[in-house]
1. Return the only residue of 272, 291 being in contact (Cβ under 8 Å) with a residue 40 or more places away in the chain and more than 23 Å from the chain's Cα centre (by Cα).
2. For residue 78, indicate whether it is within 21 Å of the chain's Cα centre (by Cα), assigned to a loop (DSSP other than H, G, I, E, B) and either of a type outside the set (Ser, Thr, Tyr) or within 30 Å of residue 228 (Cβ to Cβ) (or both).
3. Of these, 67, 43, which one is more than 18 Å from residue 159 (Cβ to Cβ), in a helix (DSSP H, G or I) and modelled with pLDDT of 95 or more?
4. Tally up the residues in the stretch 128-174 that are assigned to a helix (DSSP H, G or I), in contact with a Gly (Cβ under 9 Å, 6 or more places away or on another chain), touching a residue at least 24 places away in the same chain (Cβ under 8 Å) and not hydroxyl-bearing (Ser, Thr, Tyr), please.
5. Taking the stretch 228-248, which residues are at pLDDT 90 or above, outside any helix (DSSP H, G or I) and on the phi < 0 side of the Ramachandran plot?
6. So residue 29 fits all but one of (1) among the small types (Gly, Ala, Ser); (2) loosely packed, with under 15 Cβ neighbours inside 10 Å; (3) touching a Ser or Thr at 6+ places or on another chain (Cβ under 8 Å); (4) more than 30 Å from residue 141 (Cα to Cα); what number is the exception?
7. Go through 44, 68, 51 for me and flag whichever is crowded, with 17+ Cβ neighbours inside 10 Å and among the aliphatic types (A, V, I, L, M).
8. Just one of (1) without any contact (Cβ under 8 Å) to a residue 24 or more places away in the chain; (2) of a type outside the set (Val, Ile, Thr); (3) in a loop (DSSP other than H, G, I, E, B) trips up residue 264, so point out which.
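The values are calculated or read from the model by the stated rules, or taken from the named source; none is laboratory data. Quick caveat, the model's predicted, so the values are computed rather than measured. Note that each Cβ is placed from the backbone with ideal geometry, even for glycine, and that neighbours are counted across all protein chains shown.
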Amino acid sequence: MARIATIDKKEDLAPEHQPIYDSIAQSRGVVGGPFLALLHSPELAERTAHLGSYVRFESSLDDKVIELAALASARELECKHEWAAHINHAQKAGIPLATIRAVHQRRDAEHFSFEDAQIISFVREMVRSHRVSETTFQALYGRLGERGMVELTATIGYYAMLACTLNVFDIMTATGGIQDLKDAMNVQAVPHVQIVQDVSEEPVKKRADHYKSVSIEKEKVMKLKDQVAVITGAGRNIGKAIAKLCAAEGAKIAVVEMHEGRGRAVVDEIEQAGHDAVLVLCDVAHSGNVQEMVQKVVDRFGGIDILVNNAALTDHADIFASTEEEFDKVIAVSLKGPYLVTKYVGAQMAKQGRDDSDFIYGHPLVVGGGVVATANFPKEQVR
């Protein structure tokens, strides 16, 4: 249910603003989506609609680039309505269903065509870090030119604005040919979206029947869908159980282990169950190893969302019989290890530009080995 009253008929507006409603309805076939909230500021809604008309129909960018940018923006901002509303548009623009699914699953560049990967990388960098690397910029600049680069950036900004409006006000209506958006962000639902005639091609009075004809087959919503989890000491016991549980909830698992045989066995179990996992050999007591581990995970999955510090050594030998070397080894793995892993994984999380301060700032970030660590990053590091 929306957080504010939605304006879905022109009678909800003052008489002097009703022509704005009519103008939006005429240009789009229906007034819905973000405009149900934006019309509380009629002038803003009118100018937004005008900008949208340029972005969608008048810019120098081809339809495929526009729709790919719209989908990638919706996915990065986790806007269910915007994502679902653009699936049909994307397919009509010539974007294969496999590409749509790869965008949803946040696949690496190797899963896209060369040109599609350029657009996806540009959107992801812009949304995640609020900047675009020189390499990514120059790759597209040679293809789109100055005007195209400006219009692509503005297109992403436009769809980001709509996504934020939809997310903030919980606008989950049936506009754009989608009735039930509950599972729209579940990639498994994508193949079941029925392709229907664009609503703008129908008389507005028929839209209610049009919405009833559209459905999305519901699938199980996984709690950790597409999250990347780094789990140290995941080769056995508690670490193994956590890895399998997170994988079952849709996470991509980095099995961090010193013992290749144990780690490989866990990866094989996860993959046989139909989930994604990678083995990263690492001695968590050595900073160089940990930094390499973080880079390997980022190279494979594109980022890190979850950290479980599980690796630990326990030695129950008589204190009088144990050696100083054995004690140092336990401290290195069980105490220094969580420190190093938290330090470098936390730095990667901050680098990803996670501006949800409750996720990192002043809250438990990792657990394991009897230790609960809190990462108190300065807020400017995650913004």
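1. Details: 272 fails: in contact (Cβ under 8 Å) with a residue 40 or more places away in the chain.
One residue alone meets the criteria, 291.
2. Working: within 21 Å of the chain's Cα centre (by Cα): yes; assigned to a loop (DSSP other than H, G, I, E, B): yes; either of a type outside the set (Ser, Thr, Tyr) or within 30 Å of residue 228 (Cβ to Cβ) (or both): yes.
Yes: the conditions hold for residue 78.
3. Details: 67 fails: more than 18 Å from residue 159 (Cβ to Cβ).
Within the list 67, 43, the selection yields 43.
4. Residues flagged as assigned to a helix (DSSP H, G or I), in contact with a Gly (Cβ under 9 Å, 6 or more places away or on another chain), touching a residue at least 24 places away in the same chain (Cβ under 8 Å) and not hydroxyl-bearing (Ser, Thr, Tyr) within the stretch 128-174 amount to 3.
5. The answer is 228, 229, 230, 231, 232, 234, 235.
6. Unmet condition: (2).
7. On the way: 44 fails: crowded, with 17+ Cβ neighbours inside 10 Å; 51 fails: crowded, with 17+ Cβ neighbours inside 10 Å.
Testing whether each residue is crowded, with 17+ Cβ neighbours inside 10 Å and among the aliphatic types (A, V, I, L, M) leaves just 68.
8. Unmet condition: (3).
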